[in-house]
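Here's the structure, in structure tokens; my notes come after.
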Amino acid sequence: MRTFDQEFIQRCKKQDKSAQKKLFEELYAPLVRSASRYLTDLSEAEDCVMKGLLKAFLNIRNFTYQEPQGLHLWIRRIVINEALMVLRKRRNFFLSLEEELSSTGIENEALDKIAVEELNQLIMSLPEGYRTVFCLYVVDGYSHADIASQLGISENTSRTQLSKARNKLKLLIERRENVKPGFGG
């Protein structure tokens with residue numbers, strides 16, 4: 001998480017081009033990763049980042065410093081909102097209604113054996129609705145009330161989608177564990 005002090009933020013508020021450039025350079029890659037959790041098309045994610053950064057630059061005077069990570073979190077929230085707007089505009093965005101999966105949690109032992117990049121790939125393979133709720137709740141720390149508001153669903157639906165996402169992820173991890181190298185799995 002990138003940190004910025006009050007002096008730097010004041011420079012950005014005064015439209016100091018070198019500060020704005022540094023802010024862009026520091027945040028672009030992490031923001032693209034954040035947007036990519038919701039949008040599988042890289043160009044869409046990059047567009048959301050550019051729109052989000054533009055909105056941030058235009059509205060930075062409204063930002064109030066509270067902590068060193070605050071500016072990064074504020075801009076990340078703007079970018080995530082941009083990504084969610086893309087999802088809402090799609091007529092085909094839907095929350096998954098797959099059959100009920102087992103309700104046990106993901107075993108810590110299985111998680112210890114999986115690389116971060118591989119876990120990210122498994123998360124990205126989740127159905128769009130599951131992935132969106134999972135990332136909003138688990139990765140970005142949104143509450144079920146916030147998710148419901150952002151996606152136009154009920155809090156209960158958000159909870160259900162999160163539960164199904166966790167169960168689906170558990171199943172994917174278990175399948176991965178059962179595939180042995182060299183046996184065509």
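Scattering from region 110-171 was approximated by placing one identical point on each alpha carbon and applying the Debye formula without solvent; log10 I(q)/I(0) at 0.20, 0.22 1/Å stands at -0.72, -0.84. Shown here are the Rg and Dmax of the Cα trace of region 6-51, at 12.6, 36 Å.
What the phi angles of region 21-31 give under the Karplus curve with 6.51, -1.76 and 1.60, with θ = phi - 60°, is a coupling list of 5, 4, 4, 4, 4, 6, 9, 3, 4, x, 6 Hz, glycine and proline written as x. Computed packing ranks the peptides 53-63, 72-82 as 72-82, 53-63, most packed first, by mean other Cβ atoms within 10 Å. Using a simple spin-label model with pseudo-atoms 7 Å out from Cα toward Cβ, Asp146 and Ser163 lie 2.3 nm apart.
The modelled label-to-label distance between Thr3 and Arg175, using points 7 Å beyond Cα along the C-beta direction, is 4.2 nm. A 1.4 Å probe over all protein chains sorts Arg37, Arg2 by accessible area into Arg2, Arg37, starting with the largest. In this structure, the residue pairs whose Cα-Cα separation is over 20 Å, taken from Lys17/Lys51; Lys17/Lys55; Lys22/Lys89; Lys21/Lys89; Lys89/Lys164, are Lys22/Lys89; Lys21/Lys89; Lys89/Lys164.
The values are calculated or read from the model by the stated rules, or taken from the named source; none is laboratory data. Here the structure is a predicted model, which means the values were calculated and not measured. Cβ sites come from the backbone with ideal geometry, for glycine too, and all protein chains shown count toward neighbours. The protein model used for the area step is the full one, side chains on, heavy atoms only, and it has no ligands, DNA or RNA in it. Shrake-Rupley method; radii C 1.70, N 1.55, O 1.52, S 1.80 Å.
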